[in-house]
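No value in this document is a laboratory result; all are computed from the given coordinates. Since the structure is predicted, the reported quantities are computational estimates derived from the model, not experimental observations. No Cβ is skipped: glycine too gets one built from the backbone with ideal geometry, and neighbour counts run over all protein chains shown.
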Amino acid sequence: MNGRYWLAMSILASLPITLLFCGCETVGDVGAEVGRATGVLTDSEAESVKRGAQAVDKTFQDLTPEQEYYIGRAVAATVFQSYPPLDRPEANAYLNLLGQSLAIFSNRPETFGGYHFVLLDSDEINAFAAPGGLILVTRGMIRCCQNEDELAAVLAHEICHVTMKHGLGAIKQGRLTEAFTIIGAETAKQLGGEELAALTEEFEGSVGDVVKTLTVGGYSRKQELRADAGAVEILRRAGYPETAIVTMLQRMDERLSHSGGLGFAKTHPSASSRLESLRGDVVDTGLPLNTVRQQRFAAAMQSIIAGQ
Amino acid sequence: MRIRVVAVLLAICAGTALAGTLNVQVRNAKVRATPSQLGKVVADVAYGASVQTGTLQNGWYPVTLPNGVTGWLHESTLTKKKIAMSAGTGDAATGVSSDETSLAGFGFNEQVENKMKADGKLDYTWVDRMSKFVVDPAQIEAFRAQGSLQGGAQ
């Protein structure tokens, strides 16, 4: 045990602490710090290298809840351009009561701005989950549900798209790298005009990516099946019969076969393949339909279903 | 002796890493009396606030607020990142490097949304309207009781 041994041990022991204090998270960070320390890079060059490396390393998972919230707001505003909201206070109040009472049982019960739900004035069978928790449900989808339990299954599925960040995942990586580079260039101050314009452009592009996926391309089959499995879990935790998702999918399959491939049929895997995937996950408790839930669903949604 | 000194130093560093200060990353986190979304709300904590936390248990942190109030926060409401509030909020942080902030003042934020509005690109009227569809915990409790919903397992 000599002095050199203890010096080496001290350096090794302090490495994680050094990295912790200098905030180095990437190889790019380390390179920049080494470059700065050895005089190869000036302070500003080292910062630039570090920012670039960090931006490339970042993905949609690095978007903060606040950023997700602002993307979600713009996504919802964009969807409203094609699918106008339905201004029916009582029906929307019921939808929010049901939706928010389900969201608390999700894996992400609290988002930056919370979960909010609204009906859309469209006969298309469809529903959209904007990042952050803004969930939009068409009149056509409400008509597809025969009771509260089935509507709960639809909302639980959409809530899972939010908790699993499927919308954010649709944003092209190149846009995020650009955005994080711009963001990384600024510290605690407001963006200047040029940076703001550039960032707004990336923002618009990101929102466009999400909207396109929601309304045209659809999520991947794997994402849809995960949202179904997550919905079963929410129904179970909240006390709704898990079989509601099965009966809802069966009816949807029947209705969509007459819809000519619009809406949900265009953006989702077939109901029969979703049912196949759920087999074994759903427990049938055999309880009869709860009449109070049935009555309150009918009272709130009757006029929507009737198309008034 | 040397071994003991190194061991003590490492223990101190490890203790610091687990010190248990986390930051609220949602606009308004609800501190609950019990680790459940159906637990009574004992306090609200604003975005960016720091709270002392204990060990994570089934998705919930026991927390102590600066005013001494104790309760539970869901893990999804908290982050390790420090949050630098945006300029003009009265909370503006200085000297916080960009890689340790949660970007409250930067990125896809209110400033960008305001530019979208100013450029006439999007109408946020209904987005603002639906964001006001808020349900309080008592309403959820009554809704669940009325519908004989007996779940509650997390």
If R0 is 30 Å, what FRET efficiency do you get for residue B:128 and residue B:46 from their C-beta distance, rounded to 0.05? 0.90
Where a label projected 7 Å from the Cα of residue A:276 along Cα→Cβ would reach, residues of region A:217-241 with amide N under 17 Å: A:221-226, A:228-229
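Taking every residue in A:195-205, how many Cβ atoms of other protein chains lie within 10 Å of its Cβ, on average?
Details: counts 1, 4, 2, 0, 7, 10, 1, 3, 7, 6, 0.
The shielding value for this peptide is 4.
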Can you order the peptides B:125-135, A:231-241, A:163-173 by their average number of other Cβ atoms within 10 Å per residue, highest first? A:231-241, A:163-173, B:125-135
Taking H as built 1.01 Å from N, whose amide H comes closer than 5 Å to the amide H of residue A:116, not counting residues under 5 places away? A:134, A:135
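Calculate the dipole size of region B:107-149 relative to its Cα centre from +1 charges on Lys and Arg beta carbons and -1 charges on Asp and Glu beta carbons; express the result in debye to the nearest 20. Could the numbers behind the result be given before it?
Working: 6 positive and 7 negative charges, 18 e Å.
About 80 debye.
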Starting from the 7 Å offset along Cα-to-Cβ, what nm value, one decimal, do you get for the label separation of residue A:62 and residue A:198? 1.6
Ordered by residue, what ³J(HN,Hα) values in Hz, to whole numbers, does region B:110-124 give under the Karplus form 6.51 cos²θ - 1.76 cosθ + 1.60, where θ = phi - 60° and Gly and Pro are x? 4, 4, 5, 4, 4, 5, 4, 5, 4, 7, x, 7, 9, 9, 9
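Quick one: net charge around residue A:108, please, counting Lys, Arg +1 and Asp, Glu -1 for every other residue with C-beta under 15 Å from its C-beta.
-1
Here are some pairs, B:80/B:132; B:40/B:115; A:165/B:115; A:172/B:30; which of them have Cα atoms lying more than 31 Å apart in this structure?
Numbers: B:80/B:132 29 Å; B:40/B:115 40 Å; A:165/B:115 25 Å; A:172/B:30 34 Å.
Distance filter (> 31 Å) returns B:40/B:115; A:172/B:30.
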